[in-house]
């Protein structure tokens, strides 16, 4: 299983802050297109950075069992 | 009478923080050479800015009765 | 002592200052971001901040490390509030100590710029007529993941 | 509320911050000068500050006015301590508020530079082997009265 974390406007659009996805050995991009396309959040996902296990990662990173992948919308702290 | 104020190293050198001088209608430069030359503080006086009644002033300013003239050594606040 | 944290409680700049004061320091530069009521004439009622907390703390620590690499004598502490903030409450507090003021000013400016680039925290404006998650403030169409990762490796 | 003052009591940055917080402000930049123990390896035991108090207050107010002319949306508050200061105690505290951070950073930097130029306050170092009034830090042989007066008229 891979856990997906969503925040801010992306969380509102998808209607959930976490999604549990039964996959492994899949790239972030592939996971996104296979499992997140249905939410109508393509623009927000395009703008998001991604992090795996709390570190920024490339979108071609291969996710392993137990990984936590976060979609990080443009930040606005400060 | 004109009151002279001295600070920091200049105060230590002259040995007083205030001097009362019986003069009026005299420039700051003239007052200095006539009344302060005896203290051996020429270098410190050269380096000092001057203020009349709490505002910076030119050294050729003419002092009037009751004026307070301050010799302001290089400042080091902050 | 804790130097980088995210909290739902009020943030006090003195906690950041205490975390960086040391005998070698002669200068402390701080930056405090507070909830502004009016932006271009539009009134904000209150703000709401959300964070990916464990990652945000790591990114704050990363900024602290970057500062120490760039200005070896500088030390940083950063706290960011989450949850609901009333007008004029502190959202972020940064304190930098260093022997002299030049590095302190540079490093505190650097810290707030980096927070706005890499720390996963989001602000939601609550106006009289609606709400909005703020983002993409620099009008970048998409984030430059590669750039951020390169910088991490420097 | 008092915005510019000289005091023999401990200086608290929050007093300066409170004096400049307002609904239009989103950024506060502060600078705190603290008594440093070691300067180039030489140990300071404590510091002593003296001021020409009424004139020093006027000069701090003047700096506040200069800031408001240069950065119309910025507001300043400055407090300076006099008397004996132990290591790490605050000598000067500056707070600048403004809608956005850029002016706040610029104005706080400006404030500390101007304090070191025009405010009649002097520092005396107390070392293990002696004391010294500090001054002429920029190694100017003589002060440039004219320059300071011209700037006042700008």
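The values are calculated or read from the model by the stated rules, or taken from the named source; none is laboratory data. If you're wondering where the values come from, they're calculated on a predicted model, not measured in any experiment. Please note: Cβ atoms are built from the backbone with ideal geometry, for glycine as well, and neighbour counts cover all protein chains shown.
Looking for something crowded, with 21+ Cβ neighbours inside 10 Å and part of a loop (DSSP other than H, G, I, E, B) - is there at least one such residue anywhere in the range C:62-76?
Taking every residue of the range C:62-76 in turn, at least one turns out to be crowded, with 21+ Cβ neighbours inside 10 Å and part of a loop (DSSP other than H, G, I, E, B).
Within the group D:103, D:125, D:117, which residue is buried (at least 18 other Cβ atoms within 10 Å of the Cβ), away from chain B (no Cβ under 14 Å) and either modelled with pLDDT of 95 or more or part of a strand (DSSP E or B) (or both)?
Only one candidate qualifies: D:103.
Which residues, taken from the range B:36-53, are under 10 Å from the mean Cα position of the chain (by Cα) and away from chain D (no Cβ under 12 Å)? Walk me through it before giving the result.
Just the residues of the range B:36-53 that are under 10 Å from the mean Cα position of the chain (by Cα), to begin with: B:36, B:45, B:48-52.
Once the filter is applied, which keeps residues that are under 10 Å from the mean Cα position of the chain (by Cα) and away from chain D (no Cβ under 12 Å), the range B:36-53 yields only B:36.
Just one of C:77, C:88 is within 9 Å of chain D (Cβ to nearest Cβ), within 18 Å of the chain's Cα centre (by Cα) and modelled with pLDDT of 95 or more; which is it?
C:88
Can you tell me which residue in the range C:2-45 is nearest to residue C:76 (Cα to Cα), limited to those that are part of a strand (DSSP E or B), more than 8 Å from chain D (Cβ to nearest Cβ) and at pLDDT 95 or above?
C:4
What residue, of B:5, B:19, is within 11 Å of the chain's Cα centre (by Cα), within 19 Å of residue D:54 (Cα to Cα) and facing chain D (nearest Cβ under 10 Å)?
Just a single option satisfies the conditions, and that option is B:5.
Given the options C:51, C:8, name the one that is buried (at least 23 other Cβ atoms within 10 Å of the Cβ) and touching a strand residue (DSSP E or B) at 6+ places or on another chain (Cβ under 7 Å).
C:51
Within the range A:54-66, identify whether any single residue is within 13 Å of residue A:4 (Cα to Cα), surrounded by 16 or more Cβ atoms within 10 Å (Cβ to Cβ), under 11 Å from the mean Cα position of the chain (by Cα) and free of Cβ contacts under 8 Å to residues at least 40 places away in the same chain, and answer yes or no.
no
State yes or no: is residue C:91 more than 30 Å from residue D:40 (Cα to Cα) and not in a helix (DSSP H, G or I)?
Spelling it out, residue C:91 is indeed more than 30 Å from residue D:40 (Cα to Cα) and not in a helix (DSSP H, G or I).
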